[in-house]
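Structure record follows, encoded as structure tokens.
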Amino acid sequence: MGKNLIRFIYSLLIFNAWRILFLRLLGIRIGDNCFIARSVYFYTFRGLSIGDCVRIEWGCVLDSRGGLKIGDGARISPMVTVLTQDHDINNNSFPLRDRAVTVNNEVVIFFGCVILPGVVLGHGSIIAAGTVVHRSVGAWDVVGTNGQNVIGKRAPLTDGKNGS
């Protein structure tokens, strides 16, 4: 099947359980108790791994061509873009290069963020709305603004979900 046909079929699946089953049949590793909205756009269906209890809201764009791992309990708000492929600007022919993105456990990415290739979002980190993340983020950091500044620290969870 062509990628556009697969995307079209996915968009028609009104029940989350059907969407999860369809994605698993395509070979995507998806954990238990996940929600993935109908309008999520997948560049490709390879190189993607989704943990348990992950929530991915409407309008998100997930590029897994370079590898994308989303950890347990991650929350991705609407209109978030995750990119794993870019161009090498230090080469005159600007070849494409793959750089994996890792979204660790319990990460929260708020509305309209862009996660650029090669980034690792540390365990429990929070990305404020509208942030363009161009470098890795430490565990439990809260980052935001145009310069991707650390604007705070999140208290580690103590409900047993993160191994505490």
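When the Debye formula is applied to the Cα atoms of the range 67-164, each taken as the same point scatterer, what base-10 log of I(q)/I(0) results at q = 0.12, 0.17, 0.21 Å⁻¹?
Summing over Cα pairs of the range 67-164 leads to -0.38, -0.71, -1.01.
With θ taken as phi - 60° and the coefficients 6.51, -1.76 and 1.60, list the Karplus ³J(HN,Hα) couplings across the range 6-23 in order, rounded to whole Hz; mark glycine and proline as x.
4, 4, 5, 4, 4, 5, 7, 7, 7, 9, 4, 4, 5, 4, 4, 4, 4, 5
Helix-only estimate, please: 222 nm mean residue ellipticity of the chain, summing -39500 (n - 2.57) across DSSP H runs of length 4 or more and dividing by its residues, to the nearest 500.
For the chain, the value works out to -3500 deg cm²/dmol.
Using the Karplus curve 6.51 cos²θ - 1.76 cosθ + 1.60 with θ = phi - 60°, what ³J(HN,Hα) values do you get for each residue of the range 43-56, in whole Hz, with x for Gly and Pro?
4, 8, 10, 10, x, 10, 9, 10, x, 6, 6, 8, 10, 10
State the percentage of accessible surface on the chain attributable to carbon and sulfur atoms; use a 1.4 Å probe and exclude ligands, DNA and RNA.
Roughly 58 percent of what the probe reaches on the chain is carbon or sulfur.
What residues qualify as long-range amide H neighbours of Ser39, i.e. H under 5 Å apart, gap of 5 or more or another chain, H built at 1.01 Å from N?
Correct list: Gly59.
Can you compute 3J(HN,Hα) from phi for each residue in the range 104-114, using the Karplus curve 6.51 cos²θ - 1.76 cosθ + 1.60 with θ = phi - 60°, rounded to whole Hz and x for Gly and Pro?
Result, ordered by residue: 6, 4, 6, 6, 10, 10, 8, 3, x, 6, 10 Hz.
List every residue whose amide H lies under 5 Å from the amide H of Trp140, counting only residues 5 or more places away in sequence or on a different chain, with H placed 1.01 Å from N in the peptide plane.
His123, Gly124, Ser125
Taking the highest mean first, how do the peptides 84-96, 133-145 order by number of other beta carbon atoms within 10 angstrom per residue?
Highest to lowest by the protection proxy: 133-145, 84-96.
Can you grab the distance from the C-alpha centre of the range 32-65 to the C-alpha centre of the range 100-117, Å, no decimals?
Using only Cα atoms to place each centre, the spacing works out to 12 Å.
Considering only DSSP beta bridges where both residues belong to the chain, give the percentage that are antiparallel (nearest 5).
20
Computed FRET efficiency, Cβ-Cβ of Arg29 and Ala129, R0 25 Å: what is it to the nearest 0.05?
The formula returns an efficiency of 0.30 here.
Could you sort the peptides 50-63, 101-114 by per-residue average Cβ neighbour count (10 Å cutoff), highest mean leading?
Highest-to-lowest ranking by the protection proxy: 101-114, 50-63.
What FRET efficiency, computed as 1/(1 + (r/R0)^6) with R0 = 30 Å and r the Cβ-Cβ distance, is obtained for His87 and Ser39, rounded to the nearest 0.05?
The value I calculate is 0.65.
Quick one: compute a quarter of the convex hull surface over the Cα atoms of the range 1-67 and quote it in nm².
With the hull built on Cα positions only, its mean projection is 4.0 nm².
Express the accessible area of the chain per residue in Å², computed with a 1.4 Å probe while the remaining protein chains stay in the model.
50
Can you list residues from other chains, or at least 5 along the same chain, whose modelled amide H is less than 5 Å from the amide H of Val133?
So Val133 has HN proximity to Val114, Ile115, Leu116.
The values are calculated or read from the model by the stated rules, or taken from the named source; none is laboratory data. No experiment lies behind these values; they were computed from the predicted model shown. Counting neighbours? That spans all protein chains shown, and the Cβs are built from the backbone with ideal geometry, glycine included. The accessibility values were calculated without ligands, DNA or RNA, using every heavy atom of the protein model including side chains. Shrake-Rupley method; radii C 1.70, N 1.55, O 1.52, S 1.80 Å.
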